[in-house]
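Chemist: Please read through the structure below; I'll follow up with questions.
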């Protein structure tokens, strides 16, 4: 059981490091992330209503 917790913690830490690394290497601003998130939410809502989105 202890090994499972250690493995889960290491995996979560690895994912966090990867995400921070990607944020630092990509020329994304916080506004760009907000726009991406908003667009993703709109696309998700559109799919719920049966609309097809390009891209």
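Chemist: Find the residue count for the range 38-55, including only residues that are modelled with pLDDT of 60 or more and at positive phi.
Modeler: 1
Chemist: Also: Show the residue pairs that are 6+ apart or on different chains and have beta-carbon atoms under 9 Å apart, the first residue being within the range 5-23 and on the phi < 0 side of the Ramachandran plot, the second being part of a helix (DSSP H, G or I).
Modeler: 23/33
The values are calculated or read from the model by the stated rules, or taken from the named source; none is laboratory data. Quick caveat, the model's predicted, so the values are computed rather than measured. Because the Cβ atoms are built from the backbone with ideal geometry, glycine has one as well, and the counts that use them run over all protein chains shown.
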